[in-house]
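Quick notes on the structure that follows.
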Amino acid sequence: MMNKVITPLVLAAVLTAAPALAQQSGGTLNLVIQPEPPSLMMGLVQNGPTQMVAGDIYESLLRYDTDLQPMPSLAREWEVSEDGLTYTFHLQDGVTWHDGEAFTAHDVVFSADVFLRETHPRLRATLEYVDSIEAVDDATVVFTLTEPFGPFLGTFEAGTMPIIPRHIYEGTDFANNEMNNTPIGTGPFKFQEWRRGSFIHLVKNEDYYLDGRPYLDEVYYHVIPDGASRAVAYETGTVDVLHGGSVENFDVPRLSELPDTCVTEAGWEYFGPHSWMWMNNHEGPMADPNTRRAVMHALDREFALDALWNGLGKLATGPVSSSTRFYEPDTPSIAFDPELAREYLEQSSYDGETLQLLPLPYGETWQRWAEATRQNLIEVGFDVELVATDVAGWNQRVADWDFDLAFTYLYQYGDPALGVSRTYVESNIAKGSPWNNVAGYRNPEVDAKWDQAALSASDDERQTLYTEIQNTIVEDMPVAWLLELGFPTIHRCNVKDLVTTGIGINDGLRDAWIEQ
Amino acid sequence: MSVIRFILARLVKGAVILLAILVLNFLLIHAAPGDPAAVMAGEAGATDEQFIADLRARFGLDQPLSTQLWLYIKGAIQLDLGYSYRQGMPVADLIWDRLPATLLLTMSAFVLSIMLGVAAGVLAASRQGGWGDTIISTVAMIFYATPLFWIALMASLLFSVVLGWLPGFGYETIGANYTGMARVLDIGRHLILPATTLGLFFTAVYMRMTRASMLEVSRLDFVKTARAKGLRPGIIQRRHILRNALLPVITLAGLQAGQIVGGAVLTETVFAWPGIGRLMFEAISQRDYNVLLGVFFVSAAMVLLFNLITDILYVIVDPRIRIGS
């Protein structure tokens, strides 16, 4: 078998992560967690808060740098066969679970093939391309695909494929296993205590397989439900790190200017949070492409970016984020142009009915954004009504297609096949979920290209196809693209190497250290 | 009617009311849009039909509503409040974990507001029309009219951020691992801002109530008689006026006491106090039905209990009131 060997980027990562200063060991890092996670068992729950804490406890085979190139994690090196069907991973030596048991390739097989197949919908979709997962020996695991699935190497991140201890879960009822409340992983930190409503306490894994790491002794995640209080927690020195999205946007400039405070927008490249407004293509006024175009051009997104998001993030140009692979910058223009919007509205079937607009119930910024959007739309001749809901109500209305316009944002997971196609392909139109092709976009030609692009092993071919796809979708305009959201991480400047990968703080704090 | 019989009768009545509350809450919650499976699926950011179906089966949401209700009532009668699939814990454990923090907070606020409110009311009444009265009444009016969350934010801004005297949130210093007296003092320091904030509104209410009631009673004939008998003003104030003036205050205290279990959602949220009010609030937004019903169940039971205690207190304070009549 001819193998294309991919050189691990260890050296590069170490060089960029370690400037002139040598890392110092010791210290306690205090962060906030918002909202409180439902569980820390990452095989069962993968929402943002869970991943942020459990990303210290669990690991996967790979990590990704800020250009989304794979880096070693539990796998120290890996090979991909030239036909793109066989992925061989060589695991790190001397890795143990937090309870002292040895970690082996059988844990990987159990996690991916048994546990996550049952519990993880996002990975389940990827595993459809996997024919077999086998442990060749204790330190080698081979994934064999049925078809050359292009983005496969991008799915070995801890939130997507967390490796679960086989000796604890095999043969049990996964959801009700008592050990779910005391998670056991291979990660740099061990679970110590979770006082619900107050804090989650992790301690250094002394037996971590990388010598000297982690540098921190202890990590506390403080549960602080109120946004203003989270800002106070940082100001009074109780916490050292405010991760992206943990304080209201209008507080970001003020907090950024505090002494000894550093801000970074890095660490979101893998997720690429991309916001847009769902438009109901199924029925009603938004079923008409001209109405949709009128909406798109009526939106003053520049204003929203500057006034509501403090200039953090950037304008989206289409369905793919600029940090995602195969991004095409030269798509047809979707710029703010009220004149053009009025023209499209003129040509459309819209007859003055009131549009129902659902803001995203995630705090003040989103509420204001919906109000500004309503104003934009009224100015070009729409009549718009804001519909207030809580999160559960929003989920249900969007899932039931009971809206005309609805704000949302989704992660892109670094590759169009993983995080973008799902909201535009016809096979993903199904009532009952707010995260599939809710808009109801149908274009069989584009669907065929999505399939082809996902199953191509050649990056050049994929780029060509994705460029065509992006151009066509922007032309059809099934949704109104808004912003690539910027989620700044605010932290004390003496906390170093907090964000070293494209997954940011969710990737665990194994490299973080405090300068004393 | 004997006291024992009265209490027994009230307990039976209470049980029936509790059951009615339970059914009503159950139906109201299930009438709200969205369910826990949809919320959890939503938080995961990606789903397929199998995932939602699995969750629904775990939550028991695939059963008809009447079956769910019957199962819940059957459990509640045996004091089994069910299981929170979302949190992976029995509801009773969740509530039990959070109850002490809430009781500490609300009881402190309760005691603080009664003592401060009654004292200020007595003081204001005895100086009716004077500058002392004016100051006390004005301050009380401000606390009465200002929204709680604003006071909470301002208090934490002033005492925590600007002055740095008191911790602005939390139950204790996380990571300090204090024990014994040091821990008690630490929790006490954390308690000051939330308890004061929570207590201010009722302090103002008690103050106004006590003041008005004192002034009213002091004009009654038996007070004039007492004065004519030449009793010392202090004794008249305490034994004759205050004791009679306290009845409406007790009624109000009964109301506030009813909120001791669940009435601190806002304060607990702003001050990150790990209590039951927040548990309830989170359960609402997550449609965690069992947790929500459990909290409602416990707080409704508490309201009934405190009503009973209030009624008994009436008799102790004013023996002319007859039990059960």
Please express the Cα-Cα pair-distance distribution P(r) of the range A:429-492 as a list of whole percents, one per 5 Å bin, running from 0 to the bin with the greatest distance.
4, 14, 17, 18, 17, 14, 7, 4, 3, 1, 0
List B:T106, A:T331 from most exposed to least, where exposure is judged by having the fewest other Cβ atoms within 10 Å.
A:T331, B:T106
Throw me the Rg/Rh for chain A, computed over C-alpha atoms with Kirkwood Rh, two decimals.
0.97
Net charge, B:D311 excluded, C-beta distance under 13 Å - Lys, Arg +1, Asp, Glu -1
+2
For a footprinting-style exposure proxy, rank A:V136, A:V241, B:V139, B:V265 by other Cβ within 10 Å, fewest first.
A:V136, B:V139, B:V265, A:V241
Compactness check, the range A:185-270: C-alpha Rg relative to the 2.2 N^0.38 Å globular estimate gives 1.27
Would you kindly derive the ³J(HN,Hα) couplings of the range B:289-294 from the backbone phi angles with the Karplus curve 6.51 cos²θ - 1.76 cosθ + 1.60 (θ = phi - 60°), listing them in order in whole Hz, with x for Gly and Pro?
3, 5, 5, 4, 5, x
Among A:T464, B:T225, which comes first, second and so on when ranked by fewest other beta-carbon atoms within 10 Å?
B:T225, A:T464
Enumerate the aspartates and glutamates that A:K431 could reach by cross-link, defined here as Cα to Cα under 13 Å, with residues fewer than 8 away along the same chain left out.
A:D400, A:D402, B:D48, B:E49
Got the relative contact order for chain A handy, in percent, Cα pairs under 8 Å and 6 or more residues apart?
21
Can you tell me which lysines have their Cα less than 22 Å from the Cα of B:K13? Leave out same-chain residues fewer than eight positions away.
B:K74
Helix A:289-298 sits at what angle to the longest principal axis of chain A, using alpha carbons and giving 0 to 90 degrees rounded to 10?
80
What order do you get for A:41-51, A:437-447 when each peptide is scored by the mean count of other beta carbon atoms within 10 Å, highest first?
A:41-51, A:437-447
Unsatisfied cross-links (Cα-Cα over 27 Å) in the set A:K204/A:K314; A:K204/A:K496; A:K190/A:K496
A:K204/A:K314
Here the gain from full extension of B:I7 to B:L71, 0.36 nm per residue of separation minus their alpha-carbon distance, amounts to 20.1 nm
Helix A:444-454 versus the longest principal axis of chain A: what is the Cα-based angle in degrees, 0 to 90, to the nearest 10?
20
For a Förster distance of 45 Å, can you work out the FRET efficiency between the beta-carbons of B:L24 and A:S25, rounded to the nearest 0.05?
0.20
Rounded to 5, percent antiparallel among DSSP beta bridges of chain A:
80
Quote the relative contact order of the range B:1-130 in percent (integer), defining contacts as alpha-carbon pairs under 8 Å separated by 6+ residues.
13
Given the rule -39500 (n - 2.57) for each run of at least 4 DSSP H residues, summed and divided by the residues of chain A, what is its mean residue ellipticity at 222 nm, to the nearest 500 deg cm²/dmol?
-7000 deg cm²/dmol
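Just so you know, all these numbers are worked out from the coordinates, no wet-lab data involved. Since the model is a prediction, treat every value here as computed from it, not as a measurement. Cβ: placed from backbone, ideal geometry, glycine included. Neighbour counts: every protein chain shown.
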